[in-house]
Structure formats: structure tokens, C-alpha cells
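As C-alpha cells, the structure follows; a few thoughts come after it.
The values are calculated or read from the model by the stated rules, or taken from the named source; none is laboratory data. Just so it is clear, the structure is predicted and the values come from calculations on it, not from any experiment. Note: ideal-geometry Cβ built from the backbone for every residue, glycine included; neighbour counts use all protein chains shown. The protein model used for the area step is the full one, side chains on, heavy atoms only, and it has no ligands, DNA or RNA in it. Shrake-Rupley method; radii C 1.70, N 1.55, O 1.52, S 1.80 Å.
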Amino acid sequence: MNFPKNFICVNRNMCNFEDYVSAPCLRRSFQLDSGVKKAKILVCGLGFYRLFVNGSEITKGPLAPYISAPDDMLYYDEYDCAEHLQQGENVIGVLLGNGMQNSFGGYVWDFEKAVWRSSPKVALRLTVETEDGQTCEIESDEQFLCRESGIYFDDLRCGEYFNAHQNPKGWTLPGFNTCGWLAAQKAEAPRGEARLCEAEPIAIEKELHPVAITKQQGGYLYDFGENNAGVCRLSIDGSPGQMVEMEHGEYLKDGNLLLNNIQFEPDGYVQKDIYVCNGEGIETYVPSFTYHGFRYVLVRGITEEQAQKSLLTYLVMHSDLKERGGFDCSDPTLNTLQTFTRRSTLANFYYFPTDCPHREKNGWTGDAALSAEHTLLNLAPDESYREWLRNVRKSQTEEGELPGIVPTGTWGYHSCGPAWDCVVTWLPYEMYRYRGDKAIVEENATTIFRYLDSLEKITDEDGLVRFGLGDWCPPAREPDGAPAPVALTSTLTVMDICKKAVFLFKLLGQEKRAEFAQSLYDSYYTAARRGLIDYKTMTALGDCQTSQAMALYYGLFTKAEEQQAFEVLVKQIHEADDHMDCGVLGARVIFHVLSRFGQSELAYRMITTPTFPSYGNWIARGATSLWECFQPEGGTVNSLNHHFFGDISGWFIQWLAGIQMNPDATDCNTVVIHPSFIPQLNHAHGFHIAPAGKVEVSWRRQEEGIFLDVTVPCKMKGYIELEAPYCFAPDEAGQQPCRKKPVATGEYLIVEQTQE
């Protein structure tokens with residue numbers, strides 16, 4: 001595609017904390033001598049843009065076009081705008097925000113030092129075919145006129161300040177007086193690869209109204225009842241010059257809003273939006289170039305009369321990911337945790353998975369990897385994953401190294417390790433497993449190979465990898481204070497990367513690469529067997545839940561050793577009073593390991609117990625989303641909206657409902673139905689929409705036994721497998737009790753098989 005590369009800007013001045021520079025308006029008026037037959041606009045607005053044609057906004061959604069390093073990937077959007085054009089005068093209007101182009105609020109990660117940093121700029125081309133057969137083309141150049149907008153400060157992380165007095169009224173409409181407007185200037189074109197953005201756009205999911213308003217801290221605290229992500233729509237009948245300040249947060253202490261748990265920015269710049277009224281009746285304001293993670297908003301500068309529920313409406317936003325799966329059951333705690341997981345996964349999906357919607361908004365690679373499976377089970381992030389992986393590939397160094405966050409400038413290399421780098425293998429693997437997507441494997445194969453080739457640099461003489469962040473966020477410890485040794489967590493993760501790489505390379509017929517990956521796997525496996533197991537007790541190095549669960553999950557123990565090793569894990573759990581003692585790496589695998597060995601009930605108790613540390617404890621303490629850490633009452637409060645502990649949703653669907661899609665990754669239209677009929681549940685229900693259609697499973701207890709309802713598409717293959725002591729009831733033909741049947745739509749009666 002022939003992308004416009006002629007970028008223009010207002011000037012070279014860049015907004016920062018010391019000097020505010022307003023977001024620019026750019027407009028171009030032009031004449032059409034007849035009606036319009038066809039018309040398209042190609043636009044790249046950096047960092048963000050809003051696009052108007054004759055007063056109508058046609059932008060695909062908030063924060064267009066994407067969030068990327070513009071020297072890596074340069075994103076354009078295309079619009080069909082024929083219906084908005086007319087014979088006579090027409091106007092194209094563009095409003096630009098700082099976004100990633102001038103991400104001064106991301107200074108903690110060196111974004112203010114990025115080589116691409118500049119004032120906002122835009123490249124645009126309008127192509128029109130008129131009804132009389134003429135062709136008209138408008139390209140961004142010095143004929144665009146520009147001036148400052150009412151947005152006098154904007155930053156992706158910090159917020160947006162808007163002065164209604166300064167905003168030109170009607171500037172996107174024909175007939176507007178441009179006296180005092182200046183000609184646009186040429187701007188340097190970014191060096192990134194130009195392409196149309198194919199990621200799902202950001203959209204407003206729902207609107208929330210406040211559930212409570214209280215007077216405090218020199219203002220009014222609005223409580224919206226749930227911790228989510230988005231912005232507020234302000235509607236106010238204000239006086240001229242009245243300044244309304246809105247601070248967004250997720251945490252109260254003694255009833256007062258605190259921001260210290262999400263504060264990386266300087267004082268006064270934490271998720272704050274400001275609106276200055278013009279005093280001309282009811283005014284409505286929605287921030288254009290930022291978003292926040294919050295439950296509460298502290299509003300200052302309003303009167304008691306103005307502090308009504310109608311003042312603020314919470315616009316909950318995220319990438320427009322369609323639902324693809326779900327779970328519910330008879331236990332309110334599990335249903336609540338399923339809701340929390342869905343909420344936090346979406347609140348942290350703005351074009352790609354982020355680590356939190358308030359403090360960082362970064363695309364942490366480890367977070368995305370940990371959440372890949374439960375996200376694919378619940379939602380449809382296919383195009384967003386593919387688009388983000390393009391950025392991941394661009395971020396790889398010539399030596400094969402990957403950063404911990406994408407996008408990035410130079411920050412995040414040489415620090416995170418394999419449990420973060422695995423994203424480049426895990427995402428293509430899971431996309432192939434769940435969607436049969438071979439193309440995404442082909443796109444990333446060379447990146448995977450180059451990463452494998454770089455592993456020698458982080459491998460010690462003993463063949464182990466002792467580099468990386470390790471089991472992040474264990475309960476009641478500092479984030480990096482996990483008992484599981486990094487030598488174990490990183491080496492086992494590298495083993496898994498190599499194993500998946502072998503599979504993916506063979507899938508593509510790349511035998512030489514597969515042989516190389518297999519040789520690496522064999523080497524790490526041998527070293528891990530030699531250095532990470534105490535064979536006297538079958539205990540993995542570290543003697544903790546994470547070490548033991550990861551060693552079992554990633555196949556470090558042989559089949560003959562597994563049962564003894566599993567008994568060690570159960571003993572460790574019992575010693576912790578049946579509580580989990582894992583960070584994110586251990587929590588990702590431990591419940592699956594327990595269920596694989598027939599201990600789903602123990603996993604259920606660990607998840608739901610109301611005492612610390614557990615997911616149930618979060619509910620008992622008033623959570624409305626997944627938290628970053630398991631901290632005791634009175635402990636340090638970190639982010640209260642993270643998704644990387646969200647694989648419990650995957651466990652619900654795979655083990656309680658029993659829907660295990662394509663477990664061997666051989667065919668995405670294969671399913672194993674393997675429900676766990678734990679005594680705490682009277683019924684459970686789950687579904688997943690596979691490429692072949694909807695797979696749905698529900699079971700319920702009745703006097704006769706357990707009724708299992710299964711619905712599968714006609715093309716689906718697989719089997720239904722039951723755990724002892726359950727079996728299929730004998731049918732009228734006298735079939736003997738059994739525990740395994742070919743999968744088929746129908747209702748099955750399940751009974752307990754008694755011992756004779």
C-alpha cells in the first residue's frame with residue numbers, strides 16, 4: 001500500500017511537566033465541484049489522533065491508531081468517508097495528542113529519552129472520486145492550517161487538562177473563520193515499518209454510574225463500585241473559569257483516596273484530569289488522549305449542588321475483544337473470581353496486554369505469556385496478539401535479546417529473563433493450539449530461532465540458567481523475594497521454550513531448526529536433572545511449592561518419579577495449612593498439577609479459602625478485580641488491577657467444567673472433556689467457541705447421580721474421560737460401567753462406582 005509519508009506538525013515544542021504545550025488542531029478546507037462517488041482517507045497521527053470530516057468524527061475509537069514505538073512500527077488507519085463529503089466546501093480536521101510520540105510521563109522506563117521523541121505530527125491522504133469522474137487528492141502539507149486546542153496538557157499515563165475557553169468552536173466545520181491560524185510545518189517521518197493497524201480497536205464496553213458520593217479531602221469522592229479502566233464523562237453546568245479537578249484511584253485508607261500505590265509520576269500528576277468551564281450552559285467533556293485505572297474519583301472545584309450522580313459517568317474501555325468462552329457454577333466465590341479475571345484481563349488490554357491500567361500501562365512480556373491461555377479460552381484477541389507480536393519482533397536485538405516491555409526504546413533488556421522472553425514462543429504456540437493459526441507460527445519462527453541462539457550467553461558452565469526475575473510477587477514478600485531459585489524457574493522455562501520450539505519448527509517443516517532446539521532441550525534437561533533435584537526425597541531445588549509444581553508441570557521428573565514428587569508437593573501445601581505459597585510462575589501451574597493428579601478439591605480449597613494468602617482472601621477484603629500481590633491485611637498495597645494471576649479462570653474451564661481443548665496441540669478441533677466433580681459444587685457450566693463451533697459442558701447433581709450435558713460441533717473429535725470413582729452409568733443395552741467414551745453431544749448419567 002502506498003502510505004502517505006509527508007508528516008506535518010504545528011511546531012517542535014514538546015509538552016512536559018515544566019512547560020505545558022497544547023495539543024494541536026490541524027484543518028484543511030477544500031472544494032468539490034460535484035457529488036462524491038468514492039472517498040478514502042489514510043491517516044497516521046502520532047502519538048494519537050482524532051479525525052473529523054465536516055464536523056463528524058470518524059475515528060475508529062479512543063487512542064487511535066495504536067501504541068507503538070514509531071521507529072519500529074508505524075500504524076495507519078483507513079476510512080471510507082464518502083458519506084461525509086459534499087459538493088462545495090469540505091473540511092478535514094485532525095486533533096493530535098502526545099501518546100507514545102512524546103511519552104514524557106513514561107520517564108521511569110526512559111521513554112522521554114526515546115530517539116523518536118517529538119511533538120505530535122500527522123501524515124494524511126484523502127482520495128476522492130466525484131460523480132462526474134474527476135479525481136481529487138489531498139495530502140498533508142503546508143496548506144493545512146493549525147493552532148492550539150483547548151487541551152493544554154496530555155499524557156497517556158498522567159492525564160489530560162482541558163480549557164473550554166481556549167478551544168476553537170466549530171473548527172472542523174465548513175465556513176469557519178481561520179483568521180490567526182498558522183500554516184503547518186513539515187516534520188520528520190518516523191523510521192518504522194508502515195502498515196495498516198489490524199488490532200481490534202479500543203471501544204467503550206459500558207457506562208457506570210456512581211454508587212456513592214461522599215464529601216472529603218476538600219472535594220467529593222465518587223465511588224463507581226468496581227475497579228476497571230477507562231475515563232469519566234463530565235457533565236456540568238459551570239461558571240466561567242470554574243476549574244474541576246478529577247483524581248482517579250483504586251484504593252481507600254480510612255475512607256480517603258490514596259494514590260501512593262500507583263504513583264510513579266511527580267506529585268500532582270497521578271491520573272488527574274482537569275476541566276476549565278466556559279460557563280455556557282451544560283458542558284460535556286471526555287478526555288481524548290489518556291485513560292485511567294480506577295474505582296474512585298476525587299472531584300475538587302465543584303459546589304455541593306453540582307455534586308450529583310449525573311456529574312460523572314464512568315466509560316469503561318478496552319480493546320474490543322469478543323467473548324469466546326466462560327464459566328459459572330453453584331459457588332459464588334468462583335463466579336466472583338471469574339468476573340474479576342474477565343474484568344482485569346480486559347482492563348489491561350489496550351491493543352495488547354498491559355501490566356496495569358494506571359501506574360505503568362506497559363506491555364510486559366511475562367504478563368502476556370502468563371495470561372495467554374486463559375485469555376484465549378475466554379476472549380478473541382487473535383488480531384491484537386498478531387499485531388503486538390510484530391512489535392515484539394521489531395524489538396529484538398541483532399544478538400537475539402528481547403526486552404521486558406514492548407513497546408520500548410532501550411529500556412528492559414538484560415534484566416527480565418526467560419519467564420518474560422517466553423512470550424515469543426508461548427503466544428504463537430497457544431494461538432496454533434486454540435485457533436489452528438499456522439501463519440502466526442511462520443511469522444515468528446525466525447525470532448524464536450534467534451532467541452534460542454542467544455541462550456548461550458545466559459547459560460552457566462553447569463548448563464543452568466541463573467538469570468531473570470524469577471517467581472514474581474510471592475505472598476507477603478518483596479516482589480523478587482521468592483523462595484524458588486532463579487536457576488530452577490529460568491532453566492525450566494528455557495526447557496519449555498525449547499520444547500515448544502521443537503514442535504513449532506516441525507510444524508513448519510524446519511527440521512534443522514527443530515534439531516537445534518531439540519539439542520538445546522536435551523542439554524538443559526540433562527543439566528536440570530543433574531542440578532535441580534534431590535533424589536533422596538524427590539524434591540526440586542528450593543523445597544517450595546513453586547519449585548515442586550514447576551518441576552512436575554514442565555516434565556523434570558520421570559513418570560516413575562512423579563508420584564513421589566507429587567506427594568512432596570502435597571506435603572508442602574499441607575505444611576502451609578492448605579494455602580498457596582507461590583508467585584506468578586508457580587500459581588500459573590500449581591492448580592493444573594493438582595488436578596492432573598486427582599486433587600482438584602485441594603486446589604479449590606487453596607483458591608477459595610477466605611484467609612490469607614488466597615484469592616478468596618481478596619474477596620473477603622473487598623476486591624473487585626485481581627490484585628498484583630497477595631499481601632496480608634495492613635501490608636504494602638501495590639496495584640489492585642493485574643491479570644497475571646488470572647489463570648484460575650483457565651483452571652475453572654479446563655478442570656471444573658472439564659473443557660480441555662486440543663491438549664496435544666495436534667488439532668484445534670479436538671477436545672477432551674474431563675470434569676472434576678468436587679463435592680463443594682452442585683453444578684458447573686463452561687463453554688468455549690472453537691474454530692469448528694461452540695463446545696459447551698454443564699453438570700449437575702441429582703438423586704440419581706450426576707447429569708453431564710455435552711454439546712460439541714459435528715466436526716469435533718476427542719473423548720469424555722471421568723476421574724475415579726466416577727463412571728458412566730450402564731445403559732439399557734447392558735453396557736458395563738466405563739470411564740471413557742468418544743465425545744458426542746448428549747446427556748450422560750454419571751454414578752460413583754462402589755468398591756466390591
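What the table shows:
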{"item": "Rg in Å to one decimal, and Dmax rounded to a whole Å, for segment 69-203 via C-alpha atoms", "result": "17.2, 56"}
{"item": "Long-range amide H partners of Tyr49 with built H, under 5 Å", "result": "Ala64, Gly97"}
{"item": "Size-normalised alpha-carbon gyration radius of segment 433-505, reference 2.2 N^0.38 Å", "result": "1.34"}
{"item": "Relative contact order of segment 1-110, pairs being alpha-carbon contacts under 8 Å that are 6 or more residues apart, as %", "result": "38 percent"}
{"item": "Carbon/sulfur fraction of accessible area - segment 577-664, other protein chains in place, 1.4 Å, %", "result": "46 percent"}
{"item": "Translational diffusion of segment 218-259, µm² s⁻¹ [Kirkwood Rh, Cα pairs; Stokes-Einstein; 10 °C; 1.306 mPa s]", "result": "127 µm²/s"}
{"item": "Neighbour net charge for Gln87 - beta-carbon separation under 11 angstrom, K R +1, D E -1", "result": "-4"}
{"item": "Mean separation of Cα contacts under 8 Å (6+ apart) over length of segment 364-429, as relative contact order %", "result": "45 percent"}
{"item": "Ellipsoid semi-axes in whole angstrom, largest first, where each is sqrt(5λ) of the Cα gyration tensor of segment 545-590", "result": "18, 13, 5"}
{"item": "Tail beyond 13 Å, pair distance distribution of segment 174-222 (Cα, percent)", "result": "82 percent"}
{"item": "Shape box of segment 483-621 [Cα atoms, principal axes, largest first, Å]", "result": "53, 35, 27"}
{"item": "Per residue Cα convex hull volume in Å³ - calculated over segment 8-99", "result": "109 Å³"}
{"item": "Farthest positive-ward along segment 35-170 dipole, Cα basis, beta-carbon charges - from Ser103, Cys158, His84", "result": "Cys158"}
{"item": "Segment 663-756 - charge dipole about Cα centre, Lys and Arg +1 at Cβ, Asp and Glu -1, debye rounded to 20", "result": "360 debye"}
{"item": "222 nm mean residue ellipticity, helices alone, for the chain (DSSP H n ≥ 4; -39,500 (n - 2.57); rounded to 500)", "result": "-7500 deg cm²/dmol"}
{"item": "Whole-angstrom Cα spans of segment 605-752 along principal axes, big to small", "result": "63, 36, 20"}
{"item": "Approximate shape of segment 510-577 as ellipsoid semi-axes (Cα gyration tensor, √5λ), whole Å, largest first", "result": "28, 11, 10"}
{"item": "Alpha-carbon Debye profile of segment 190-316, log10 I(q)/I(0) at 0.11 Å⁻¹", "result": "-0.42"}
{"item": "Solvent exposure of segment 92-167 as accessible area per residue, Å², 1.4 Å probe", "result": "32 Å²"}
{"item": "Dipole-positive endmost among Ile41, Val21, Phe7 within segment 1-45 (Cβ charges, Cα centre)", "result": "Ile41"}
{"item": "Using alpha carbons only: equivalent-ellipsoid semi-axes of segment 694-748, gyration tensor based, whole Å", "result": "19, 14, 11"}
{"item": "Total charge dipole magnitude, the chain, about the Cα centre, Cβ charges on Lys, Arg, Asp, Glu only, Debye to nearest 20", "result": "720 debye"}
{"item": "Set of lysines with alpha-carbon distance to Lys571 below 21 Å, sequence-local pairs under 8 removed", "result": "Lys536, Lys559"}
{"item": "Solvent-accessible area per residue, Å², over segment 504-631 with all protein chains present [probe radius 1.4 Å]", "result": "38 Å²"}
{"item": "Cα-only Debye scattering, segment 483-545: base-10 log of I(q)/I(0) at q = 0.16, 0.19, 0.29 Å⁻¹", "result": "-0.56, -0.70, -1.13"}
{"item": "Long-range HN-HN contacts of Cys232 with modeled amide H, under 5 Å", "result": "Leu315"}
{"item": "Over 18 Å (Cα to Cα) - which of Lys499/Lys740; Lys215/Lys309; Lys322/Lys438; Lys121/Lys272; Lys40/Lys60; Lys717/Lys740 fall in this group", "result": "Lys499/Lys740; Lys322/Lys438; Lys121/Lys272"}
{"item": "Whole-number D in µm²/s for the chain (Stokes-Einstein; Kirkwood sum over Cα pairs; 37 °C, 0.692 mPa s)", "result": "118 µm²/s"}
{"item": "Segment 382-527 - charge dipole about Cα centre, Lys and Arg +1 at Cβ, Asp and Glu -1, debye rounded to 20", "result": "400 debye"}
{"item": "Sites Lys715 and Glu129 - FRET efficiency at Förster radius 35 Å, r taken between beta-carbons, to 0.05", "result": "0.20"}
